[in-house]
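> Have a look at this one.
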Amino acid sequence: MRMKNELKGAKKPKIISDIRDLVKSDAEVYGDKAAYVYKSGDDFKEFSYNRIYDETVAFGTALSVENLIGGVAVMGTLHPRYIVAYLSTINMGGYIVPLDPELTDEQTVYFLRHSEVKALVYTESMNDKVDRIRDQLDFIEKFIPITPNKEKYVEDERNIKFKKMVAIGKKAIEEGNTAYADADPDKEKMAALIFTSGSTGTAKGVMLSIHNLTAAINASCGSMSYDDRNTFVSVLPPHHTYEMTCENLSAMNIGCTVNINDSLKHIMKNFSRFKPNTLVLVPIYVETIYKKIWTEAKKKGIDKKLKFGIGVEKALFSVGIDVRKKLFKEISESLGGNVKSIVCGGAPLSPQLVEDFYSFGITILEGYGITECAPLVAVNRPGKVKLHSVGQPVEGCQVKIDYTPGEETGEILVKGDNVMMGYYKDEEATAEAFTEDGWFRTGDIGYIDNKGYIFITGRKKNVIILSNGKNVFPEEIEEYLAPVEIISEVVVMSRDNAQGEPAITAIAVPNFDLLKGKSDEEIRDAIKKAVDDVNKSLPSYKQIHQVIIRKEPFERTTSRKIQRFKVQ
């Protein structure tokens, strides 16, 4: 692969031993530099590294004063004080429970009760939800809104503003309280309780220790050529471990500024405003941007010119001439003009997409992670990208394949400092998740090549077993369908054919913008033709035999994974 290191001379990241070290050393080195830029009212404000440290110490002290050391839940969209709550809780020896804001009211109450939290910290977007379920949360000692509803909020013995908690902590420190300084959290105890919200419909409580988190942060920073010159735009939800560990905590460790995207509706506008040089995304966002580029090119009648330009760029690049910035300036500017790399994980990307983005001047670094591994397992490094793969294991993480007899693939097994303690209150599930010699069973299927690159071919639970005994992983076929412009999104699964036998079926949501004015029959014929074209590149037993058109988008988790179990 021709991809080069996109940030030369990056400073070597520091190695942290615990989360307290992360917060303190950041303040000492980066001081008043903005750790976060966030929207407040109609304006964007900065939240410095010094302020992160000061409020972490103060909020942590207040947790002690209010007798709230233990479980603290945090819920909502990303905000600097969301991060402060996260850091303070862990640094005082408690455990943080980040909850998915899109859980139903019933699920939210269940997870809060199940995790035995003492306090609930929440952002403005959660005010109405908390008001709805408050009567069911009699076990919570303190409700701590970051931005309370001015019309409804009433402070009493159970309600206290985040700002007031910080003030209580600062006052206690002035009066000689040393609770934060004296705290010495056990690095091997549960520090974060993450309820998974994957695509299978099940949810388990993953227990991560400080040791797990710092291992993942160090591995993340050590795998990338990033330093304090980088700027990010945060798009993913903060309860997601990938977003928290690989963007927020890792960015803090190297002194970056994270600009918080205030709404998915404003994402392109905020790319232009903040001009990031690095993005951390999941495939749905990358694919959406890619398809938008080609859709716009078609609307303007320049799609053939764009394809020709990619060919010219590759030819010139092969002889040492880099014209990407000049040829694809408009595409670059649509993302702010500075993006050099995108770290992407969660599902496979089309190699064609990865190559085209490189022609546009943007290196895509695909990686692999799972919540139970805090989450980082492997990633393609700058200058060492191998298409189709999710890269090589990160430092401190071992990976091997439990090969299925007679097959070239098997289950991916992981061992390392990043691997979880186990599942919360579920000894049976914990035992099932590990081999007898201590390797974590990921449930993902793949293989490792002779250079140590990991290739994921599918998810164990999703495998399609055909009548001839062949195993087919739908994710592999979906990867071939992803670049098809007239398909917005697709799920491949087994559906019985007219003979009652399992057949590989593509359930596709058309790109109605590109198919505007066409009848339902014409749309179906166009999708069927595109699928037939894809079938030509697939072995006969992997070919798609049925196509179903779906008009509504698939339901997704907040980390933008399709909830396959809900596909009808």
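> Over region 277-460, what is the percentage of antiparallel beta bridges among all DSSP beta bridges, to the nearest 5? Can you show the working numbers first?
Working: 23 of 32 bridges.
DSSP beta bridges in region 277-460 are roughly 70 percent antiparallel.
> Given the peptides 527-536, 374-383, 231-240, arrange them by the average over their residues of other C-beta atoms within 10 Å, most packed first.
The packing order, highest mean first, is 374-383, 231-240, 527-536.
> Report the one residue of L306, I289, F274 whose Cα lies farthest in the direction of the positive end of the charge dipole of region 271-344 (charges on C-beta: Lys and Arg +1, Asp and Glu -1; origin at the Cα centre).
The Cα lying farthest towards the positive end belongs to L306.
> Hey, another quick one. So what J values fall out for region 179-188 if you push phi through Karplus, 6.51 cos²θ - 1.76 cosθ + 1.60 with θ = phi - 60°, rounded to Hz, Gly and Pro as x?
4, 5, 5, 7, 5, 9, x, 6, 5, 9
> Output the antiparallel fraction of DSSP beta bridges having both residues in the chain, as a percent to the nearest 5. Intermediate results must be reported in sequence, preceding the final value.
Working: 48 of 84 bridges.
So the antiparallel bridges amount to about 55 percent of the total.
> Still on this structure, I have one more. Using +1 at the C-beta of Lys and Arg and -1 at the C-beta of Asp and Glu, which of V484, I168, T123 has the Cα lying farthest in the positive direction of the dipole of the chain?
About the Cα centre, the residue reaching furthest to the positive side is V484.
> Next up: Report P(r) for the chain: all Cα-Cα distances, bin width 10 Å, range 0 to the bin holding the largest distance, values in whole percent.
3, 17, 27, 27, 17, 8, 2, 0
> Turning to a different aspect of this structure: If you wrap a convex hull around the alpha carbons of region 150-243, what volume per residue comes out, as a whole number of Å³?
Details: hull volume 22.8 nm³, N = 94.
Roughly 242 Å³ of hull volume per residue.
> Could you let me know the centre-to-centre spacing of region 422-439 and region 285-363, using Cα atoms, in angstrom?
Cα centroid to Cα centroid, the span is 43 Å.
> Given all pairs of different Cα atoms, what value in angstroms does the Kirkwood hydrodynamic radius of region 1-110 take? Working shown, then result.
Working: mean 1/r = 0.0618 Å⁻¹.
Taking every pair of different Cα atoms in region 1-110, averaging 1/r and inverting gives 16.2 Å.
> Once phi is turned into θ = phi - 60°, what whole-Hz ³J(HN,Hα) does the Karplus curve with 6.51, -1.76 and 1.60 give for every residue of region 292-309, x standing for Gly and Pro?
Once rounded to whole Hz, the list reads 5, 4, 6, 4, 5, 5, 5, 4, 8, x, 10, 5, 5, 5, 5, 4, 5, x.
> Please list the non-local residues whose amide H lies under 5 Å from the amide H of A378, H modeled 1.01 Å from N, same-chain partners needing a gap of 5 or more.
Y368, V394
> On to the next question. Report the full-extension gain for the segment D186 to T104: residue separation times 0.36 nm, less the Cα-Cα distance, to one decimal in nm.
That works out to 26.2 nm of additional length.
> Hey, what do the phi angles of region 80-97 turn into as Karplus ³J(HN,Hα) couplings, whole Hz, using 6.51/-1.76/1.60 and θ = phi - 60°, x for Gly and Pro?
So the Karplus estimates, Gly and Pro as x, are x, 7, 4, 5, 4, 4, 4, 5, 4, 4, 5, 6, 9, x, x, 9, 9, 10 Hz.
> Can you pull the semi-axes for region 41-84, root of five times each eigenvalue of the Cα gyration tensor, sorted largest first, whole Å?
Numbers: eigenvalues 101, 40, 12 Å².
With the √(5λ) rule applied to region 41-84, the semi-axes are 22, 14, 8 Å.
> Using modelled amide H (1.01 Å from N, peptide plane; none on Pro or chain starts), what sits under 5 Å from the amide H of Y95, excluding residues fewer than 5 places away?
Here G70, G71, V72 satisfy the definition.
> Still on this structure, I have one more. Compare the peptides 544-557, 506-519 by average per-residue count of other Cβ atoms within 10 angstrom and give them in order, highest first.
Values: 544-557: 14.6, 506-519: 16.1.
Most protected by this proxy first, the peptides run 506-519, 544-557.
> Let me ask something additional. Determine the dipole magnitude for region 290-376: charges of +1 sit on the beta-carbon of Lys and Arg, -1 on that of Asp and Glu, nothing else is charged, the reference point is the Cα centre, and the result goes in debye to the nearest 20. Can you show the working numbers first?
Values: 14 positive and 10 negative charges, 113 e Å.
With Lys and Arg at +1 and Asp and Glu at -1, about 540 debye.
> In whole angstrom, note down how far apart the Cα centers of region 78-114 and region 369-399 are.
Spelled out, the Cα-based centre of one part sits 27 Å from the other.
> With Kirkwood's inverse mean 1/r over C-alpha pairs for Rh, give me the Rg to Rh ratio of region 463-566, two decimals please.
Working: Rg = 13.7 Å, Rh = 14.3 Å.
The Rg/Rh ratio comes out at 0.96.
> Rounding to the nearest 20 debye, state how big the charge dipole of region 463-566 is about its Cα centre with +1 on each Lys and Arg Cβ and -1 on each Asp and Glu Cβ. Don't skip to the answer; put the middle values down first.
Working: 16 positive and 17 negative charges, 46 e Å.
The calculated dipole for region 463-566 is roughly 220 debye.
> Something else: Would you work out the relative contact order for the chain, in percent, from Cα pairs under 8 angstrom that are 6 or more residues apart? Walk me through the numbers before you get to the answer.
Numbers: 1087 pairs, mean separation 71.0, N = 568.
Taking the mean separation of contacting Cα pairs over the length of the chain, I get 12 percent.
> If you take the charge dipole of the chain about its Cα centre, with +1 on Lys and Arg Cβ and -1 on Asp and Glu Cβ, which of A192, F232, T89 is farthest toward its positive end?
Checking the options against the dipole of the chain, the answer is F232.
> Additional query: Stretched out fully, how many nm does the piece from S40 to H266 gain, at 0.36 nm a residue minus the Cα gap? Could the numbers behind the result be given before it?
On the way: separation 226, 0.36 × 226 = 81.36 nm, distance 1.49 nm.
Extra length from S40 to H266 when fully extended: 79.9 nm.
> Could you work out the local net charge near D426, counting Lys and Arg as +1, Asp and Glu as -1, over the other residues with Cβ closer than 12 Å to its Cβ? List each step's numbers first, then the result.
On the way: positive: K204, K425; negative: E427, E428, E432.
Neighbour charge sum, excluding D426 itself: -1.
> Given region 19-185, what percent of its DSSP beta bridges are antiparallel, to the nearest 5? Working shown, then result.
On the way: 6 of 21 bridges.
Here the share of antiparallel DSSP bridges comes out near 30 percent.
> Let me ask something else about it. Taking H as built 1.01 Å from N, whose amide H comes closer than 5 Å to the amide H of D426, not counting residues under 5 places away?
none
> Extending each Cα 7 Å along its Cβ direction at D426 and I549, get the distance between those two points in nm, one decimal.
4.0 nm
> Additional query: Hey, got a sec? Which chymotrypsin sites (Phe, Trp or Tyr not before Pro) in region 96-149 land in a DSSP loop and have at most 16 other Cβ atoms within 10 Å? Each step should come with its number before you reach the end.
Values: sites: Y110, F111, Y122, F139, F143; in loops: F139.
Passing sites in region 96-149 are F139.
> Sticking with this one: Rg over Rh of region 277-460, using C-alpha atoms and the Kirkwood radius, what does it come to? Kindly include the intermediate steps, with their values, before the conclusion.
Working: Rg = 19.5 Å, Rh = 18.3 Å.
Reported Rg/Rh (Cα atoms, Kirkwood Rh): 1.07.
> At a temperature of 37 °C and a viscosity of 0.692 mPa s, determine how fast region 19-185 diffuses translationally according to Stokes-Einstein, using the Kirkwood radius over alpha-carbon pairs as Rh; express D in µm²/s, rounded to the nearest whole number. Before the final figure, lay out each step's value.
Numbers: Rh = 16.2 Å.
It comes out at roughly 203 µm²/s.
> Right, here's the next one. If you place +1 on the Cβ of every Lys and Arg, -1 on the Cβ of every Asp and Glu, and leave all else neutral, what size is the dipole of the chain about its Cα centre, to the nearest 20 Debye?
Working: 76 positive and 80 negative charges, 459 e Å.
Using only the charged Cβ atoms, the result is roughly 2200 debye.
> Next question. Work out the FRET efficiency for R229 and V154 from their Cβ-Cβ distance, taking R0 = 41 Å, and round it to the nearest 0.05.
Values: r = 46 Å, r/R0 = 1.13.
With R0 = 41 Å, the Cβ-Cβ based efficiency is 0.30.
> Could you give the Stokes-Einstein D for region 359-455 in µm² per second, using the C-alpha Kirkwood radius, 10 °C, 1.306 mPa s? Please list the in-between numbers first.
Details: Rh = 14.3 Å.
Answer from the Stokes-Einstein relation: 111 µm²/s.
> How high is the FRET efficiency from Q499 to L387, r the C-beta distance, R0 51 Å, rounded to 0.05?
Working: r = 38 Å, r/R0 = 0.74.
After rounding, the FRET efficiency stands at 0.85.
> Hey, another quick one. In terms of Cα to Cα distance under 27 Å, which lysines are near enough to K518, apart from those fewer than 8 places away along the same chain?
Straight-line reach from K518, under 27 Å: K291, K292, K298, K299, K300, K304, K305, K307, K528, K529, K536, K551.
> Could you please state, rounded to a whole Å, how far the C-alpha centre of region 177-245 is from the C-alpha centre of region 118-150?
Each part's Cα centre sits 23 Å from the other's.
> Oh, and also: Helix-only mean residue ellipticity at 222 nm, the chain, DSSP H runs n ≥ 4 weighted -39,500 (n - 2.57), per residue, nearest 500. What is it?
Working: 18 runs with 184 residues, N = 568.
After summing the helix terms and dividing by the residues of the chain, the value is -9500 deg cm²/dmol.
The numbers here are math on the coordinates, done by the rules we state, and not lab data. This is a predicted model, so every value here is computed, not measured. For neighbour counting, all protein chains shown are included, and Cβ atoms are generated from backbone atoms with ideal geometry for every residue, glycine included.
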